[in-house]
Structure formats: structure tokens, C-alpha cells
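Read the structure below first, then the notes.
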Amino acid sequence: MRYLTAGESHGPKLTGIVEGLPAGLTISKPEIDQALQERQKGPGRGGRMKIEQDQVLITAGVRGELTTGAPVALEVINRDWANWEKVMTPEKEVDWESKKVIAPRPGHADLTGSLKYHTEIRNVLERASARETAMRVAVGNIARQLLKNLGIQIRGHVVAVGAVKPQWGNTDQEWERVAVSEWKVGDQEGEKRLFEQLEEAKRSGESLGGILEIQVLNLPAGLGSYVQWDRKLDGKLAQAVLSVQAMKGVAFGLGFEAAQRFGSEVHDPIAYNAGEGYRRISNNAGGIEGGMTNGEPVVLQAAMKPIPTLYHPLQTINMETKEEVKASIERSDVCAVPAALVVLENVVAWEIAQAVLEKFPGDTMQELKRVVDDYREYLKSQ
Ligand code: EPS
């Protein structure tokens, strides 16, 4: 399975092409749209999200809600295009000047992208923008729907934003709160502190990052492989997570903390129940050993840096005069951590679905379901 996205933040639309989906997968457009709308939300979002009403348009590969096995083509319209047509048109008569950016923002792709492609910053930021994640949510959500058919569930919560870390014990009650929480946290008191911190950041022209956690439940052991470096599932998940705008770190299970403990305090003892097969007594590995799922939930955390556009900007250089100036201010979000959680859930779904389709033959959903069920039975009987 593979996919590509295209599209600029203020171009006419975002485009995605997905190839390799089994035939006969039911694709619910309302489910994709719901994920797209979730991605737009969150207390720290900026002005752009008031303009957009993201919805997917499926233009190929699906009939009567069912995939045909042909490539699936997707579009998400940029409503803001109406305000940018003269600046972003592919036609010859384009307005190069009015939205020209000459003061690159530290932390963004602006400066290096402009040097690398010998182009003005506008061209760089248009594609580097996290607007592109709308299409990745749409694509990933199809994978998520495929996984749901196989009983595999993905969920996520926000662990921390800036310096505030709400309480978390991974209880059912907390997960219920996450589902209705604007910050996607499980603790009401912590949520209050997040709102206070956001107001303070807004007042002082700051932006905020955070830590996000994704869990994948009901996975069979044996997705991914230890036999070759580029088949290790943790490596693939890490690449996918770090490819999301603003992600700076990824960790599985205990993550960096494992490095500070003795081996006996890290590794998960193995147990056996007749009729259920092998299991682990703990899950410090985060569900992956030797580049393979071990049957426990995959648990990963990602660190998101604060968004680079600052309303009290840092020093930079005017690329035309080479003078020291303040970085340019593009309309932006103060905090997009809850939105990024939606992106990560769907990006992780893609990688897991990919690993499922690498292990199991799947020209059709029927075939895929049968082989996955057989394999789950095999694991239980060992
Ligand atoms: C985004 C749309 C963008 C930004 C944001 C993410 O829209 P605009 O540039 O018109 O405001 O709000 O992107 C960034 C913060 C960034 O640095 O790239 C979106 O749809 O998520």
C-alpha cells in the first residue's frame, strides 16, 4: 500500500492518491469528515480554521461506499483559496509581490527550503505548512476503517502541553473524559490549567508544544519483522510520526526512561494461558520487540515542538538586504497539540494497516479477514 499527497496551504485543494487497498472495504465518508473536523478543533487554533470546513471528496476507486481495488483518489478543498487566487494561481499572471516573505521564521522550513530550492519563502511555507496534514488524516482514516474491520482500535490522548501535565492513569473513566475534552486530556483540573497556560501564551505572543500518546489495541503478535532494518515496525512508525510537522521525538513504552533502569525493571515477563496463548505481565516495551508487535498494545509517545510563528518574533535576517530584522508573522496557531493528536492517530493507523497488508495477502477484505482470523486462532493455540 502506498500514498502520496499534493497541495499548497493556500492553493485550490489538497489531493491524495492511495494505492493497494483491498477491494470490498466499506469506506464511510462521514467518518473521514468527522476526523477532518476533529483536526480543525482545539483551543489554541488560529483564524484559518474559522474559514475552513474540511470535508473529503472521493473521486476514484470507490463505488457504493466499497473500494474496487483501484487507486482511491481524495480531495480536500481549501476555502481560503478564494482569498489567494491571484497570489497562488498556476497561471502566468501571478501576484508575486503582495504576499512575498523575506524574513524567514526560525524553526520553520523557510530559510533552508528557500536556499535549497532557490526560491522565495512563500513557495516553501505553502507546502511545508501543516495544512497538508488534513489530507494525511483523510488517507490515514481509510486505513483506520480497515483496521476497525479487523478488530484493531487506535486511540490517543494528550500527555502534556508546555509545562502542564494533567493527571493520567490510563483508566476507562479518563478515556471517557478524553473523548469529550477540548484538550484531549483525562483530567478536568488539568484542563483548567491548560486553558490558563494558553491565555498566558497568547498574552506574551508565545506558542506551545506538547507530548502526545497513541495506543493501538488488539494487535496480533508478529506484524513487522526483525530480519531486515527497513522492515522493523518501530522504525517505520517512528519515521511516520516524525514526518508530521513539528514532531521532534518519538518513544515506545517506557521510552527514554528505560535507559535509566536495570534490565529486570524494564523487560516484560512472559506468561501463558491455555487457550489464550502467550502474553506479557507488563508492557514497558510499548508492544514492540525486535521490530515486531508482541501482542500487547503498541504505545508510543511523540514530542511536538511549539509552532514557529511567534507574535513576538525572534531575530532573523532579511534575505534581500541581509539586515537583522524580526521574523515575519504568518497567521498561525498558538497551540495545535490536540489537532496533532488526530493527525498522529491516523498516521499511525496507516503504518499499522501497511504492516497488516505486508504480512497477510489481501486483494479483498473477505480474504484479509479470513487470514487474519486464522492467524489469531493459530496464536491462541500455540
Ligand atoms: C493549518 C493551516 C495553516 C496554518 C497552520 C496549519 O493555515 P494559514 O497558514 O492560512 O493560517 O494555520 O500551519 C502552521 C502553523 C504552520 O506553521 O505551517 C492547518 O490546516 O492545520
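The values are calculated or read from the model by the stated rules, or taken from the named source; none is laboratory data. Keep in mind that what you see is a predicted model, and the values were worked out from it rather than measured. No Cβ is skipped: glycine too gets one built from the backbone with ideal geometry, and neighbour counts run over all protein chains shown.
Just a few scattered comments:
- The residue of segment 99-126 that is nearest to the ligand (Cβ to nearest atom), among those that are touching a strand residue (DSSP E or B) at 6+ places or on another chain (Cβ under 9 Å) and in a helix (DSSP H, G or I), is Asp110.
- Single condition Gln37 does not satisfy, out of (1) crowded, with 22+ Cβ neighbours inside 10 Å; (2) within 13 Å of the ligand (Cβ to nearest atom): (1)
- Restricting Glu132, Glu75 to residues that are within 12 Å of the ligand (Cβ to nearest atom) and either assigned to a helix (DSSP H, G or I) or touching a Ser or Thr at 6+ places or on another chain (Cβ under 8 Å) (or both) narrows the list to Glu132.
- Residue within segment 185-200 that is out of contact with any Pro (no Cβ under 6 Å at 6 or more places or on another chain), outside any helix (DSSP H, G or I) and either within 30 Å of Asp374 (Cβ to Cβ) or touching a residue at least 60 places away in the same chain (Cβ under 8 Å) (or both) present: no
- Against the criterion of being more than 16 Å from the ligand (Cβ to nearest atom), free of Cβ contacts under 8 Å to residues at least 40 places away in the same chain and either in a strand (DSSP E or B) or among the charged types (D, E, K, R) (or both), Lys148 qualifies.
- Some residue of segment 27-41 being more than 30 Å from Met365 (Cα to Cα), touching a strand residue (DSSP E or B) at 6+ places or on another chain (Cβ under 9 Å) and in contact (Cβ under 8 Å) with a residue 24 or more places away in the chain: no
- Screening Met292, Met247 for residues that are within 16 Å of the ligand (Cβ to nearest atom) and either modelled with pLDDT under 95 or buried (at least 19 other Cβ atoms within 10 Å of the Cβ) (or both) leaves exactly one candidate, Met247.
- In segment 78-98, the residues that are within 16 Å of the ligand (Cβ to nearest atom) and surrounded by fewer than 16 Cβ atoms within 10 Å (Cβ to Cβ): Arg79, Ala82, Asn83, Glu85, Lys86, Ser98
- Flag if Asp54 is surrounded by 17 or more Cβ atoms within 10 Å (Cβ to Cβ), away from the ligand (no atom under 14 Å from the Cβ) and more than 26 Å from Phe360 (Cα to Cα): no
- Checked across segment 255-277, the condition of being buried (at least 19 other Cβ atoms within 10 Å of the Cβ), among the aromatic types (Phe, Trp, Tyr) and under 22 Å from the mean Cα position of the chain (by Cα) holds for no residue.
- If the condition is being in contact (Cβ under 8 Å) with a residue 40 or more places away in the chain and out of contact with any strand residue (DSSP E or B) (no Cβ under 6 Å at 6 or more places or on another chain), then segment 359-379 contributes Lys359, Gly362, Asp363, Met365, Gln366, Glu367, Leu368, Lys369, Val372, Tyr375, Arg376.
- Strands (runs of 3 or more DSSP E) within segment 208-312 that include 2 or more residues touching a residue at least 24 places away in the same chain (Cβ under 8 Å): 210-217, 247-252, 277-280, 298-304
- Inter-residue pairs, beta-carbon under 8 Å, first within 14 Å of Ile27 (Cα to Cα) and of a type in the set (D, E, K, R) and in segment 48-69, second more than 16 Å from the ligand (Cβ to nearest atom) and not in a strand (DSSP E or B), 6+ apart: Glu65/Ile27; Glu65/Ser28; Glu65/Lys29
- Here Asp95 passes the criteria (1) outside any loop (DSSP other than H, G, I, E, B); (2) of a type outside the set (Val, Ile, Thr); (3) touching a helix residue (DSSP H, G or I) at 6+ places or on another chain (Cβ under 6 Å) except the one numbered (1).
- Of the candidates Val299, Val343, Val348, the single residue that is under 30 Å from Ala138 (Cβ atoms), within 16 Å of the ligand (Cβ to nearest atom) and not aromatic (Phe, Trp, Tyr) is Val343.
- Screening segment 322-340 for residues that are within 16 Å of the ligand (Cβ to nearest atom) and farther than 20 Å from Ala160 by Cα and picking the one that is modelled with the highest pLDDT gives Ala327.
- Residue that is in contact with an Asp or Glu (Cβ under 7 Å, 6 or more places away or on another chain), closer than 28 Å to Glu213 by Cα and within 13 Å of the ligand (Cβ to nearest atom), where the choices are Ile307, Ile281: Ile307
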